Each structure stands twice: as C-alpha cells, then as structure tokens.
Amino acid sequence: MNKFFREYVDLTALVIIFLMPLLLTVVIKRKTKKQTRAAAVYGLLFGPAGILTLMFFHLFENTYHAVDNAIAGTFAYNYHFYSMMLMGILLASLGTFLIKACWQKCMGRTGSNRRIFLLMLLVAIVCLPLLPITSLSVVPVVCCLISLTGVYFVRRKVKLLEGVVFPNQTAD
C-alpha cells in the first residue's frame, strides 16, 4: 500500500477529479435536457469534485499511516495528527455541501448563487491562512475558482410556448 501512496495516488486522484464531474454532468444533462449547458455544468461541478476527491485521499492516506504506525507501535496521537484529520473532515464537509448546492443549481431548484458563493468563501477562509505553512492549501481555492466559471452559465433561459399545455400544467 505504501507503493500506491508513493507512486499512484496522484494519478488516481487526477483521473477521479476529471471523471466525477463528467459523470455528474451526463446525469444532469439527461435529466434537464436543454435547460443546462454541459460545459458550464462540468466547470461548476469540477471544484467540489476536486475538493471531495483530494480530501478523501488525504484522509485515507493519513488514516492508513496512523493504523500502520499503531500496528508497529510507533503511533503518537498529537495535535499534528488531530489537525490534519480535522482539516480533511472540514474541507470534505464543505465540499459535500458545495456539490449539493451546485447540484441544486443545475437542477433549477434554486435560482440564487448565494449558498454557492458562501461555501466557496468558507473554503477560502479555511485554506488561505495556511498558505505560508504549505503551498498545497491553495489547491481547494483554485478548485473553487474553476467552479466560478460555470456559476452564471449553467441554466439556459427557456422560452415557454404560449397556448401549449404541458402534462403537469393545467389550462387557464
């Protein structure tokens, strides 16, 4: 497993980061038909998918090494381990809330972008103070910036035909 973390974890994470929004875009596009733009949906979902994937692998690797060290008898529960796990859980939670808000935006359940912007701001507030400590803390912020490209372009304005009665609509 150590070989996986040394050699293949980055490639695996990148593949998942690019494929997860693609899969979600296909699902959303099938459900919404012409009401959404595929490229904008992909861009919008790229950020939360990236955050979720990166935090999954962050937590998975730290947990694996903790268990491996516990078996070897060298594990020490200290503030460093606690803060690493807490940061991963916090960012994974924000990523989960963000992907849910982006899903609702794509499905047309909300017209407001306020929740999406608030969650992106929270990611930035959590990550940017860590920039002097580790340059990797900018990655979730970059993921959020990529998502900003699709926020305003996801939904199309669809013209309703006058006089046409749709199945779930009653004629007046």
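A Cβ distance below 9 Å, combined with a sequence gap of six or more or placement on separate chains, defines the contacts here; from the range 142-169, residues that are under 20 Å from LYS31 (Cα atoms) reach residues that are assigned to a loop (DSSP other than H, G, I, E, B) and at pLDDT 90 or above in the pairs GLY150/ARG37; VAL151/ASN113; TYR152/ASN113; PHE153/ARG37; VAL154/ARG37; ARG155/ARG37; ARG156/ARG37.
Taking every residue in the range 21-39 that is more than 19 Å from CYS143 (Cα to Cα) and pairing it with any residue that is of a type in the set (Gly, Ala, Ser) and surrounded by 13 or more Cβ atoms within 10 Å (Cβ to Cβ), at least 6 positions away or on another chain, the pairs with Cβ-Cβ distances below 6 Å are LYS29/ALA38. Could you tell me whether LEU90 is closer than 15 Å to LEU52 by Cβ, modelled with pLDDT of 95 or more and touching a Leu at 6+ places or on another chain (Cβ under 7 Å)? For LEU90, the condition - closer than 15 Å to LEU52 by Cβ, modelled with pLDDT of 95 or more and touching a Leu at 6+ places or on another chain (Cβ under 7 Å) - is not met. Within the range 2-28, the set of residues being modelled with pLDDT of 95 or more, touching a helix residue (DSSP H, G or I) at 6+ places or on another chain (Cβ under 6 Å) and not β-branched (Val, Ile, Thr) comprises MET20, PRO21, LEU24. Of all residues in the range 60-74, those that are on the phi < 0 side of the Ramachandran plot have Cβ atoms under 9 Å from Cβ atoms of residues that are surrounded by fewer than 12 Cβ atoms within 10 Å (Cβ to Cβ) and part of a helix (DSSP H, G or I), 6 or more apart or on another chain, in TYR64/ASN2; HIS65/ASN2; ASP68/ASN2. Taking residues in the range 41-54 that are among the polar types (S, T, N, Q), and partners anywhere that are part of a helix (DSSP H, G or I), the pairs with Cβ atoms closer than 8 Å and at least 6 places apart or on different chains are THR53/ALA13; THR53/ILE16; THR53/ILE17; THR53/MET20. Scanning the range 88-110 for residues that are touching a residue at least 40 places away in the same chain (Cβ under 8 Å) and either in contact with a strand residue (DSSP E or B) (Cβ under 8 Å, 6 or more places away or on another chain) or among the hydrophobic types (A, V, I, L, M, F, W, C) (or both) gives LEU91, ALA92, LEU94, LEU98, ILE99, CYS102, TRP103, LYS105, CYS106, MET107, GLY108. Every condition in (1) modelled with pLDDT under 90; (2) among the aromatic types (Phe, Trp, Tyr); (3) crowded, with 16+ Cβ neighbours inside 10 Å holds for PHE166 except the one numbered (3). Residues that are surrounded by 18 or more Cβ atoms within 10 Å (Cβ to Cβ) and in contact with a Cys (Cβ under 7 Å, 6 or more places away or on another chain) within the range 76-124 comprise ILE116, MET120, VAL123, listed in sequence order.
The values are calculated or read from the model by the stated rules, or taken from the named source; none is laboratory data. Predicted model, so just to flag it, every value in this text is computed and none were measured. Every residue, glycine among them, receives a Cβ derived from its backbone with ideal geometry; neighbour counts consider all protein chains shown.
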